[in-house]
1. Being over 26 Å from B:V92 (Cβ atoms) and either within 14 Å of chain A (Cβ to nearest Cβ) or touching a Gly at 6+ places or on another chain (Cβ under 6 Å) (or both) is the requirement here; does B:R216 meet it?
2. Could you tell me whether the range B:207-229 includes any residue that is open to solvent by less than 10 Å² (accessible area, probe 1.4 Å) and polar (S, T, N, Q)?
3. Could we say that A:L83 is touching a Pro at 6+ places or on another chain (Cβ under 9 Å) and touching a residue at least 60 places away in the same chain (Cβ under 8 Å) here?
4. Evaluate the following for A:N274: is it modelled with pLDDT under 90 and of a type outside the set (K, R)?
5. Mind telling me which of the residues A:F467, A:F514 ends up being among the hydrophobic types (A, V, I, L, M, F, W, C), at pLDDT 95 or above and open to solvent by less than 50 Å² (accessible area, probe 1.4 Å)?
6. Of the residues B:I273, B:I256, B:I286, which is in a helix (DSSP H, G or I), away from chain A (no Cβ under 14 Å) and among the aliphatic types (A, V, I, L, M)?
7. What do you reckon, is A:N396 away from chain B (no Cβ under 14 Å), at pLDDT 90 or above and at positive phi?
8. Applying the selection to the range B:155-175, what residues are more than 7 Å from chain A (Cβ to nearest Cβ) and open to solvent by less than 50 Å² (accessible area, probe 1.4 Å)?
Amino acid sequence: MNKKLIALLLAAMMLLTMLAACGKKSGNDTTIADPAAKKVYYTCLGADHANLNFQDNVDTPSETPATYCMCFLYRSYPDESGLNFHYIPDAAAELPIQIDEHTWNIPLRKDAHWNNGDPINADTWIYSFKTALDPKLANRMGGNVANNVITIVNADSYMKGEGATWEDVGIKKIDEYTIQIITENENAQKDICNHFYSREKTPIYQPLYEQCLSADGTTTSYGSDLDHWMGCGPYNFTTWDYDNVQIYTKNPDYWLADLFHWDEVNIRIVPEMNARVELWEKGELDDLSPDAKTVDIYIDDPRLVSYGSLYVDHIDINCKNPNNPICGTDAYRKAVYHSLDRETLAKSVFGHMEPAGWYVNTQAGLLSESGLTYRDSEPGNRIEDLVNSWGPYGYNPDMAWEYFVKACEESNIDPETADIEILYAIDDNSPTWKACAEYLEQQWQDIFKGHMHIKIVTYAGMSATDFKKTGDDKWDFSPNDWGRGASRTYPYTCFYYYRSAYSGSPNNYFNEDFEEQYDYCESIKTGDYNTLLEETAKLEEIYLEHVIQCPVFQDVSFSMFSDDLVLPVQTYIPGFGWGTVYADKNV
Amino acid sequence: MFKYILSRIGAMLLTLFLIMSLSFMVVRLMPMSLFENPETDPEIQRKLEDKYHLNDTIPVQYFYFMKDIITDLNFGISVKIRPGLDVFGILVSRLPPTILINFISLFISIPLGLIFGTIAALNRNTWIDHVISVLVIIFISVPSFIFGSVLQYTLTFALPIFPTLYDSQAVTFAQKMHSLCLPIVALSLNPTATITRYLRGELIENISSEYLLLARTKGLTKAQAIVRHAFRNSLIPISNTLIGMITGIMGGSLVIEKMFAIPGEGGLLVKSIFAGDHFLTVAVLIFYSAVSLVTILIVDLSYGIIDPRVRVGGGKA
């Protein structure tokens, strides 16, 4: 009897499963099939954000819910021409008012409120900034509140517990609807707006935050899910199924609701590019950002648009490997620099990237007063001419060999008998950089006549920074792509990470001349822009003279948008993007 | 029997303890800092590490780790994937889709494997047997994620019968299962083939054995003899393979979950390892180990049910 019962149960389970499998279309498909009912923006992200505590969350995907579901003091908004953007007051009532060289008042809207109707006023902002900088909480994004586009007086010192009290910090409440910011340097009005338009400077809801705070005040679960978080933006975050889907619905009570046209924003989390392409091909996505491997499929598609990103991908060079006898010489780094056939690498190995024998990116300077990028400027062009005078994008096998011989001689090694192994450290998830290593290994047989060759070492499950900490003898080359947003305004800040003053520098080669020139650029950054460009060129010249690290290609980003999507811009605007948050749809 | 069960549970707990300790040590000895971020000030990083006892020695960290688990069932707090959340809660929240795809795959695989194995054995060396054997070789040798890719392309894109991704917003269970169909099928192929292969071999051996001849001479029909004797005896070695199959399916689901955007435990393990969320990595490892150990326990205990000749309990002969 029991056996029969078990058999019956088993059969029933199989039948149920099969019936379920033959069910109707899923709920998601149903909503897609009926777009006329409302304007829905279907998009996807490669990864979900960890939480909604924007003061601590360092994940880039958290930009999305912050942009859609939070208010800022100021927001960027496209010009009517669709070619540029400006800042508009969001929770602020008007643009910042300059009181003196270092002091700015920010008047606040009186009708700003949380999704539950509670008011957002000066106390809200002061509490939010104080929490972000709280030394006990040690929020990972707190540093960006203290110092990013502008530097707020004593904020850094307060956050690090270095003596400053909250009263010393340059963030003050003037009245119920006015806050005051005191900066260390003189800044332009748009710098103040720009500084406060980022997710870590969005407000936090005090009653809930304190409820989520641990007894010792060191940890918080605020933002861990929708029940422990409060929104205040143009959209309500209605559904968050972690690692699967996010749904935002329009908030009609938002004070700038007229600027936003979507009724719903539906974001799928799709880690696999193949799946994203399938969704795009099926018309289930309104946009797609193909990666270097996928872009080939769409290279002739008129919808494909591209732009140079903030990154010049490069190779960090270890100058302290005890097993590499020539690594400490400038000549060695120059040999490496001239041995890279950047045109072939950028086009064939990395796929539709732009070769770059220099380091300042194509966006640098775009947000400056004149909007002139460094690369388009005369000083920038001069550096490009210098690089191309050595060979295309600096590639010159003869020079590479000459410098190699010089490096060997400086290190008392006979270049004809040298056998130098270069440890090329990469992440397992970097097939293109691995292909680059394989290409170089082949090329170097000719360039360095077999006296210098590459060995690939991987550091799966570890960051490059951590891998480097395991010892200088573990690596010689390490591919990298760090970008600095501030370079859009001040081009020289591209080099920010490669100074000894920066504690997390990926390099171990530092140069006094380079650092002095950087500091000089810093000291004149608010002065004449053309002078700054000239000095930036000098900085880039020193960079190339010593090959602080080795540039390979200018990263290019690709995007496609569905025909129904109406973007608020005519082209990609660095620092603003495509403005899909303000986009509309033909339905 | 009761004593045997107790001893098996005791052994299981001891093994789990060793796995927990080993997982903790292996993960914690990795050089990556939990709070590694070039943008984070070293002073803040130090404070964060102090907060989670990460600047203490490994034995001290291990003490806190075990104490929290034993006293509060507290596996720690996620610091990267879901900062501030209890990792046990994260594990539990992601269990449903993982359980669905893993166990349904298994429940489908067992009867199908038994059916195909029996058919192949009864039709030994015929074209039916050959077809099944070829399919078995393919399904065993090709990893599940390859089938996942093929199924995803053919049945969601070329012939759009199923949705491309898992639909967690599906209203009904049937709709949810519809979006889980392909990952389940992809995960079922290997275990189905494994059972088919084992059963075919065992059944062929038992069918040609002398005790089956005796059963026939006692008057049983061929079908009765096979079902009552040969089939039953063939199941004993197969039950052993279940352990491997369960861990195999769970291993396969690590990739399948990512492919179909299923927010399950598999994706969590991979993400936590790459993010360096050590507390979460250890907790997921313990979860997978616990599932495997419980499976081993169930299989051990089921020996007695499948084969009455097996006497357990440690009685002396």
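The values are calculated or read from the model by the stated rules, or taken from the named source; none is laboratory data. Predicted model only: the values in this text are computed from it and were never measured. We place every Cβ from the backbone using ideal geometry, glycine too, and count neighbours over all the protein chains shown. For the accessible areas, the whole protein counts, side chains as well, though only heavy atoms, and no ligand, DNA or RNA atoms are used. Shrake-Rupley method; radii C 1.70, N 1.55, O 1.52, S 1.80 Å.
1. It is false that B:R216 is over 26 Å from B:V92 (Cβ atoms) and either within 14 Å of chain A (Cβ to nearest Cβ) or touching a Gly at 6+ places or on another chain (Cβ under 6 Å) (or both).
2. Checking the range B:207-229: not a single residue is open to solvent by less than 10 Å² (accessible area, probe 1.4 Å) and polar (S, T, N, Q).
3. No; evaluated as a whole, the condition is false for this residue.
4. Yes.
5. A:F514 is the lone residue from the list that is among the hydrophobic types (A, V, I, L, M, F, W, C), at pLDDT 95 or above and open to solvent by less than 50 Å² (accessible area, probe 1.4 Å).
6. B:I286
7. The answer is no for A:N396.
8. Once the filter is applied, which keeps residues that are more than 7 Å from chain A (Cβ to nearest Cβ) and open to solvent by less than 50 Å² (accessible area, probe 1.4 Å), the range B:155-175 yields B:L155, B:F162.
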